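K.L.:
Sharing a structure here in structure tokens format.
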Amino acid sequence: MRYFYEMYPDAVICPQVEDELITDANHPQLGDDLQIIFRIPWGHNKIILDKCKGNSAKALFYIRKTIENNWSRDVLLNFLGTDLYERQGKCLSYQ
């Protein structure tokens, strides 16, 4: 949990019971980046936290890709292993 807080310090983590009682009127709104971290399973988040220590931009990149492409944990691990974040956008293209 410490790594989760360090990676996403602005995220609000509430117990589920309390979360059900909170209405939109009194619930602090999170930015889109912080809302997406809760849209993937905890196992995916744990893997991303382990592999992207201290680099929240890289972590959010993998979270977005996981959501966009519906990656399983194995696929996520594969792309983390091949460092897709570093390779993204470096391909030469001819127009």
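The values are calculated or read from the model by the stated rules, or taken from the named source; none is laboratory data. In this text the structure is predicted, and so the values were computed from the model without any measurement. Positions of Cβ are generated from backbone atoms using ideal geometry, with glycine treated the same way; all protein chains shown enter the neighbour counts.
K.L.:
Would you point out which residue out of LEU34, LEU30 is of a type outside the set (D, E, K, R), in a loop (DSSP other than H, G, I, E, B) and at pLDDT below 80?
P.N.:
LEU30
K.L.:
Being modelled with pLDDT of 85 or more, assigned to a helix (DSSP H, G or I), within 22 Å of GLU6 (Cβ to Cβ) and among the charged types (D, E, K, R) is true for just one of ASP50, ASP74. Which residue is that?
P.N.:
ASP50
K.L.:
Taking GLY43 as the residue in question, decide whether it is of a type outside the set (Asp, Glu), touching a residue at least 12 places away in the same chain (Cβ under 8 Å) and closer than 13 Å to GLU6 by Cα.
P.N.:
Here the answer is no, as GLY43 does not meet what is asked.
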